[in-house]
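The values are calculated or read from the model by the stated rules, or taken from the named source; none is laboratory data. Computed from a prediction, not measured in an experiment: that's the story for all the values here. Cβ placement follows ideal geometry from the backbone for every residue including glycine, while neighbour counts extend to all protein chains displayed.
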Ligand SMILES: [Mg+2]
Ligand SMILES: [Zn+2]
């Protein structure tokens, strides 16, 4: 089926902007998951009759930053509009957004796909306000307006994506950029980035545009890919049995991994947009835009290129590190203190370090291990002061309790020994203790050599230099053959 | 340049608009609006006489441009004051009959 | 003269010389309201307790002699669309019948800081939709000059309160004539301010791009005193003007003649349908202005006939959006019998809004809906640009324009209510001003069959000083504004 139908996917991303106060009022922006309900509110963000919006300058600045990073055209005059619809989390009966004259248009973002780098066109970037939050129990719904009026940036692509993986790659790349620009906290689990996907499928090779569905409630990279995947399969199935897909809005259920129709309450969406009379046009002077451009940091693509050229990393390794600004920064600091090849630093960070981050749930920014200490430890492995396994023990100790590598190595007696008599003693003991393995080895099962190396390492608590160990083992086993 | 409105004002149109505007019109109101809409739309169609080919719309009454505020936190109002007007509340939430379908 | 017949300046004299306390003055007004308002019906809410509390504070301030302004201790009322903290603000709509704002509008805040005394809130056409107060969700205000007639609208309660001596001044609100029209029907002086001159923060909107708060009082001089107190840039209103506020009353004190002023008479405003007495009174007023030294010339505002359809289309559109928040969720009426959310919306809005409000919400929803936007809303905004150009051109050669306010004097209660289009047409001379965002004032200039007639003076943006000067010098020579209805 995948060969005969191709999906056409466009994404709308809503990202909360990192301002202190809300979009149109001075109420504090707080974590609406933990804050007590209806504490950070005022006449403006609760839609009291007569209250008026006043635009937050910082929100504009952050939006311009994103527009510039996505290589958009920034419009020196943009206007706000009212998007009219009824919903209880929307206190005014309309959302202030931008419509036909948005802040920025016509940008692009490069993503990595199986077949190489692909350009995804950005249709528009605009400012709008978030709604309140609903929760439900029994016969009632409960409204909290703390989140109402929090600034949102909406970033819309052209329908350039062709698979769930591409959509995920785009979302990941955009997430990284928003972090790099420090315009969004990146905390997906707190809902600070939300996706909506427009999905349609068509016969491969056709240039017809079929009815699309708009998938809402996609709040993680995983949901995004799953929801799109499900929709593609559903629509493909409908077409392949001669049916017709209806244009509609669907929700995504995280627990079933399926989308569901929202047609029940749907009426023809008619948002009756018109220019917001309470806000004059937003005029950006060129100097201001240029001063914002001057604050743009090195972005993921540039950083990747630099990591490849400066550190000699492979594109894949470099891209892994630059996918997250904190990770890239940490890597760079460790690498700058280390005398070891950058490749080793990368493998320690991508391996043991990331395993610890993923298992512990600690954020990279909260890691207390000094990059200098990490670098020293890697250098100790490089110059064979300690073995790799010992280093893992030391790293784990340092990540959890702090300390300096040399000190921990000494305390734990982990320094590597290449003294042959010490290792010879361990080798002889291991071979004596395992006569049947020796027999099998001598009978031709030479892969057991690695097992013997491991046994020696274990009995010496990793202190034995593995290359000396291997040498002595081969020598003694050959002696025993005679 | 028509003098009269070209739009077919009928009960269906009035009912569709009422549903968009969340107004539960009575049959009498619906019938009354059908006839009044015709009159009013006929009347405003006089604007078709005016050539606006090269005219930019004038949305705003003053020529002011947006002067955004600094990103400074101001005091919020008390939850109690806000909830005092609410028809139903519980545990500092505004309460409504359950929303059945997620938006 | 009785207390309720004094103007602000005279009352201020009594207060500052401590011949009378603000509390005594306030009690006198409250007593008069209690006695007469059951017939006039100009108040929706009388805030007696708040008033007396504020009056006592004003008296302390007067005693201390510190920070006195011409409005310290002076009672006033406000149209019921202007938010007052803790005092019901209903827009004369059932949907807001018990709504008490938890914040003050900026205009009220400014009067509070001057220690003025809020007597209560005045009746109006629901959300400002009407020209007679017959569309109030509660009751119709009567014209103090003749109870069988309407007071005009939509700030009809405010105009009637000043005319009947139930408040020395009020804050009205003008979206499409709502200050000037009732001011002319009731024989008081009313100023529609330049859009953005007075903050709209806390003013419950009808049409956000037309709404203006404006004073109504017994003289142009009193209006100037109130305007000085409430005007100015407000960081909470992005559409408010940043230009500094002039000292209007000081300039009136110095005004002697209108020499050098060029007054335009737009020929499109003197047409068939204009009542003979109104025509004669307005022309007499023009002569009077000319005798004060002004140069009078005929001008043309060629797009005048399109002002009403443009005004109403934009009004319908913006109003339909501004009234969406009355949904029974957070405040106001909420019909919850069925336990279904959609029913909360439908039943609340059906029961809470009056017929005219529903009609306008419907028409606005239509004008903005997909497929009709360009033909109605966008077209109206384009013609609006032409109407603004008309004024710009006229003001290249004139400093002000003089016209009638309404084609007739106050009509009878019930006369136009059954025909909405007929009612819309009574706004013919007032709405263009709102489309252009310029200021205009209604000044009493005569009577016909015992009902007042008003003359309208319009000027370019921020020309309030000129308009007040014309009105003030005119009133120095005439006594129409000093007449009181026999109550
Ligand atoms: Mg959006
Ligand atoms: Zn707020």
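Restricting attention to segment A:75-100, and to residues there that are within 16 Å of ligand 1 (Cβ to nearest atom) and more than 14 Å from chain C (Cβ to nearest Cβ), which single residue is nearest to the chain's Cα centre (by Cα)?
Here the residue is A:98.
Can we say residue C:372 is within 12 Å of chain A (Cβ to nearest Cβ), surrounded by 24 or more Cβ atoms within 10 Å (Cβ to Cβ), over 30 Å from residue C:275 (Cβ atoms) and over 24 Å from the mean Cα position of the chain (by Cα)?
no
Can you name the strands (runs of 3 or more DSSP E) wholly within segment A:123-164 that have at least 2 residues being modelled with pLDDT of 95 or more and within 22 Å of residue A:80 (Cα to Cα)?
Qualifying strands (runs of 3 or more DSSP E): A:151-157.
Can you work out which of the residues in segment A:24-37 that are in contact (Cβ under 8 Å) with a residue 60 or more places away in the chain and within 11 Å of ligand 2 (Cβ to nearest atom) is nearest to residue B:66 (Cα to Cα)?
Step by step, filter segment A:24-37, then rank; the result is A:24.
Report yes if some residue within segment C:108-121 is at pLDDT 95 or above, within 14 Å of chain B (Cβ to nearest Cβ) and surrounded by fewer than 22 Cβ atoms within 10 Å (Cβ to Cβ); otherwise report no.
no
Exactly one of these conditions fails for residue C:328: (1) under 28 Å from the mean Cα position of the chain (by Cα); (2) surrounded by 24 or more Cβ atoms within 10 Å (Cβ to Cβ); (3) within 11 Å of chain A (Cβ to nearest Cβ). Give me its number.
(1)
Out of C:71, C:119, I need the residue that is in a strand (DSSP E or B), farther than 24 Å from residue B:83 by Cβ and touching a helix residue (DSSP H, G or I) at 6+ places or on another chain (Cβ under 6 Å). Which one?
Within the list C:71, C:119, the selection yields C:119.
Among the residues of segment A:117-160, which ones are within 22 Å of residue A:68 (Cα to Cα), touching a helix residue (DSSP H, G or I) at 6+ places or on another chain (Cβ under 8 Å) and away from ligand 2 (no atom under 16 Å from the Cβ)?
A:118, A:120, A:125, A:126, A:127, A:153, A:155, A:157
May I ask you to list the residues in segment A:134-156 that are within 16 Å of ligand 1 (Cβ to nearest atom) and either surrounded by fewer than 24 Cβ atoms within 10 Å (Cβ to Cβ) or within 20 Å of residue A:46 (Cβ to Cβ) (or both)?
A:147, A:148, A:149, A:150, A:151, A:152, A:154, A:156
Being within 16 Å of ligand 1 (Cβ to nearest atom) and under 20 Å from the mean Cα position of the chain (by Cα): is that true of residue A:66 here?
yes
Can you find even one residue in segment A:29-50 that is part of a strand (DSSP E or B) and farther than 30 Å from residue A:229 by Cβ?
The answer is no, given that none of the residues of segment A:29-50 is part of a strand (DSSP E or B) and farther than 30 Å from residue A:229 by Cβ.
Could you list all residues from segment C:335-354 that are more than 15 Å from residue C:320 (Cα to Cα) and in a helix (DSSP H, G or I)?
Once the filter is applied, which keeps residues that are more than 15 Å from residue C:320 (Cα to Cα) and in a helix (DSSP H, G or I), segment C:335-354 yields C:341, C:342, C:343, C:344, C:347, C:348, C:351.
Mind counting the residues in segment B:38-62 that are under 20 Å from the mean Cα position of the chain (by Cα), within 7 Å of chain C (Cβ to nearest Cβ) and within 19 Å of residue B:8 (Cβ to Cβ)?
Residues that pass the stated criteria total 2.
Being away from chain B (no Cβ under 14 Å) and modelled with pLDDT of 95 or more: is that true of residue C:415 here?
no
Can you find a residue that is within 29 Å of residue A:290 (Cβ to Cβ), away from ligand 2 (no atom under 14 Å from the Cβ) and facing chain B (nearest Cβ under 7 Å) anywhere in segment A:44-59?
Taking every residue of segment A:44-59 in turn, at least one turns out to be within 29 Å of residue A:290 (Cβ to Cβ), away from ligand 2 (no atom under 14 Å from the Cβ) and facing chain B (nearest Cβ under 7 Å).
Using the structure shown, decide if residue C:231 is in contact with a strand residue (DSSP E or B) (Cβ under 8 Å, 6 or more places away or on another chain), modelled with pLDDT of 95 or more and under 23 Å from residue A:51 (Cα atoms).
So residue C:231 fits the description; yes.
Step by step: first the residues of segment C:283-310, then only those that are touching a strand residue (DSSP E or B) at 6+ places or on another chain (Cβ under 7 Å) and assigned to a loop (DSSP other than H, G, I, E, B), then the one that is nearest to residue C:382 (Cα to Cα). Which residue is that?
By that ranking, first place goes to C:301.
Quick one: residue A:32 ticks every box in (1) farther than 30 Å from residue A:200 by Cα; (2) modelled with pLDDT of 95 or more; (3) touching a strand residue (DSSP E or B) at 6+ places or on another chain (Cβ under 9 Å) bar one, so which box is it?
So residue A:32 meets the others, but not (2).
Is it true that residue C:211 is away from chain B (no Cβ under 14 Å) and touching a strand residue (DSSP E or B) at 6+ places or on another chain (Cβ under 7 Å)?
no
Name the single residue that is farthest from the chain's Cα centre (by Cα) among those in segment C:337-359 being crowded, with 23+ Cβ neighbours inside 10 Å and more than 9 Å from every other protein chain (Cβ to nearest Cβ).
C:352
With respect to residue A:38, determine if the residue is at the interface with chain B (Cβ under 9 Å from one of its Cβ atoms) and closer than 25 Å to residue B:88 by Cβ.
Spelling it out, residue A:38 is indeed at the interface with chain B (Cβ under 9 Å from one of its Cβ atoms) and closer than 25 Å to residue B:88 by Cβ.
Just one of A:24, A:40 is under 30 Å from the mean Cα position of the chain (by Cα) and within 16 Å of ligand 1 (Cβ to nearest atom); which is it?
Answer to the check: A:24.
Take residue A:61 and decide whether it is within 23 Å of the chain's Cα centre (by Cα), outside any loop (DSSP other than H, G, I, E, B) and surrounded by fewer than 24 Cβ atoms within 10 Å (Cβ to Cβ).
Here the answer is no, as residue A:61 does not meet what is asked.
What residue, of A:18, A:11, is in the same structural domain as residue A:59 (by TED's automatic domain parsing), away from ligand 1 (no atom under 16 Å from the Cβ) and farther than 18 Å from residue A:133 by Cβ?
Result of the check over A:18, A:11: A:18.
If you take the residues of segment C:428-465 that are in contact with a helix residue (DSSP H, G or I) (Cβ under 6 Å, 6 or more places away or on another chain), in a helix (DSSP H, G or I) and in contact (Cβ under 8 Å) with a residue 60 or more places away in the chain, which of them is nearest to residue C:191 (Cα to Cα)?
Looking at the filtered set, the residue picked out is C:465.
Does segment B:15-73 hold any residues that are farther than 30 Å from residue C:241 by Cβ and part of a loop (DSSP other than H, G, I, E, B), and which are they?
Matches in segment B:15-73: B:21, B:22, B:23, B:24, B:25, B:26, B:51, B:53.
So for segment A:16-23 (the condition being more than 13 Å from ligand 2 (Cβ to nearest atom), away from chain B (no Cβ under 12 Å) and not in a loop (DSSP other than H, G, I, E, B)), does at least one residue qualify?
Taking every residue of segment A:16-23 in turn, at least one turns out to be more than 13 Å from ligand 2 (Cβ to nearest atom), away from chain B (no Cβ under 12 Å) and not in a loop (DSSP other than H, G, I, E, B).
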